[in-house]
1. Based on Cα coordinates alone, diagonalise the gyration tensor for region 167-234, multiply each eigenvalue by 5, take square roots, and list the semi-axes in whole Å, largest first.
2. What is the percent of Cα-Cα separations in region 237-284 that go past 11 Å?
3. Largest first and in whole Å, give the semi-axes of region 11-113's equivalent ellipsoid, each being the square root of 5 times a Cα gyration tensor eigenvalue.
4. Can you tell me the relative contact order of region 4-87? Whole percent, Cα pairs under 8 Å, sequence separation 6 or more.
5. Among 342, 61, 20, 98, what is the fewest-to-most ranking by other Cβ atoms within 10 Å?
6. Could you list 358, 261 in order of exposure, starting from the residue whose Cβ has the fewest other Cβ atoms within 10 Å?
7. Considering Cα pairs under 8 angstrom that are at least six residues apart, work out the relative contact order of region 270-409 and quote it in whole percent.
8. Just the ratio, please: alpha-carbon radius of gyration of region 147-288 over 2.2 N^0.38 Å, N its number of residues.
């Protein structure tokens with residue numbers, strides 16, 4: 001479109017007119033374009049009485065901006081005069097209207113020269129395969145007659161439709177009442193049907209309610225019976241909890257007694273087999289036992305004796321602590337031996353290795369190696385590492401001094417963790433009790449060994465209830481043991497009571513919290529410093545006792 005107003009872009013639309021009268025079709029508006037393309041004609045928007053058989057009509061294109069339009073192009077189009085331009089739109093003249101039909105695009109013919117030559121050339125250019133015979137005049141007349149009959153029928157239909165609409169307008173009130181009556185009748189029928197359905201549903205719900213009520217009654221009876229059983233089980237559970245608490249206290253009590261008894265036995269073992277240092281060497285019962293790499297042939301006799309003591313000590317420790325040794329020890333004094341039951345390449349006769357020099361040196365050294373492995377096993381079971389396996393007596397002495405201390409610490413941690421989930425009042429022992437408590441029949445045999453130390457009973461004949469509770473401190477016990485062992489009288493200025501003997505005392509409490517029973521609450525009061533003080537005093541007592549080689553008076557040991 002060539003814009004005469006000079007505006008760069010236009011809003012355009014077109015209208016279609018017959019030769020006379022107003023437009024019968026108006027297109028959509030194309031915004032801001034000088035080469036608009038409108039969509040296909042919507043025949044639904046055409047008037048019903050429009051004569052579509054005409055071949056001549058007027059096209060007017062309107063353009064403008066801001067809803068102000070003016071006529072730009074007006075064409076009177078004769079469909080017979082349009083020229084076919086092809087399947088695609090090519091560059092054409094300005095202000096030219098191009099019509100798109102079913103078979104391609106058509107435009108007005110602007111070229112007027114040599115009409116006959118153009119027609120001739122156009123006839124020669126037609127594809128011969130697409131040439132068909134045209135309608136005859138008679139056929140065209142029949143088509144025109146049929147089209148006119150259709151048009152008259154359409155006019156008649158429209159006329160009858162208007163008459164029907166007029167009648168409907170006159171009878172609209174009556175028809176509306178009839179429609180309302182039919183709607184009401186339909187609603188009544190639907191409501192009757194719904195009422196019947198609801199009645200049946202109500203009957204089913206009532207039956208279901210009766211069944212559920214009976215089921216609920218059964219459940220109520222069952223719940224009542226279960227509630228009664230629950231009460232009985234709660235009472236039984238309360239009794240069982242009390243029994244469990246009592247058994248737990250008894251277990252902790254027995255466990256503490258067992259641990260302290262093991263410590264007492266190990267203390268007595270260290271008294272029976274004292275391990276001392278002589279300059280840079282270690283001796284057991286006065287017999288030197290060098291490390292396994294320092295064995296010499298000239299010391300075979302003393303080495304055999306020392307290894308016999310060591311093997312017996314290791315065997316007794318394993319028995320007291322209930323730790324089975326990986327390599328069983330056969331104790332025969334200085335002719336002890338040890339068995340290797342693990343190595344599968346050995347025969348049954350080759351599994352026993354001597355702990356004294358005999359035959360091949362390798363067998364003896366391997367037996368000492370197995371004994372050191374047993375000592376390392378005992379140390380590992382009690383939380384001690386063994387950096388050097390060849391130091392037999394140092395490792396064993398260190399175990400006797402610190403091995404059970406680790407067990408006591410673990411028991412204390414276990415008791416503390418258990419007590420956090422229990423009632424603090426469940427313990428049957430007073431927290432500040434330092435006196436000797438009565439023992440039951442189950443713990444009597446373990447407490448009546450004649451020579452037991454640190455809380456063992458020494459009066460075997462008299463019942464516990466008839467024996468007065470006499471106590472002495474560790475320092476006083478050391479002084480009494482010293483006077484008994486040396487045979488000195490009690491009137492030598494030692495500050496002891498007249499006729500004082502160690503056998504007169506039922507227990508020797510160490511610090512303030514160790515009594516005969518050694519039960520778990522008393523153990524719980526010992527902190528780390530208390531345990532260390534306890535160990536120091538016990539081994540100080542053992543050191544003093546190791547210098548007194550004579551047995552005490554009126555004692556079996």
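1. So the equivalent ellipsoid measures 63, 11, 4 Å along its semi-axes.
2. Numbers: 829 of 1128 pairs.
Counting pairs separated by more than 11 Å, the tail of P(r) holds 73 percent.
3. With the √(5λ) rule applied to region 11-113, the semi-axes are 21, 20, 14 Å.
4. Numbers: 119 pairs, mean separation 23.6, N = 84.
The value is 28 percent.
5. Arranged by neighbour count, lowest to highest, 342, 61, 20, 98 become 20, 342, 98, 61.
6. Details: 358 14, 261 21.
Taking fewest neighbouring Cβ atoms as first place, the list is 358, 261.
7. Relative CO of region 270-409 lands at 21 percent.
8. So region 147-288 has a normalised radius of gyration of 3.64.
Each reported figure results from applying straightforward, stated rules to the coordinates on display, with no laboratory input. None of the values given here were measured: they were computed from a predicted structure. Quick reminder, even Gly has a Cβ in these numbers, built from the backbone with ideal geometry, and neighbours come from all protein chains shown.
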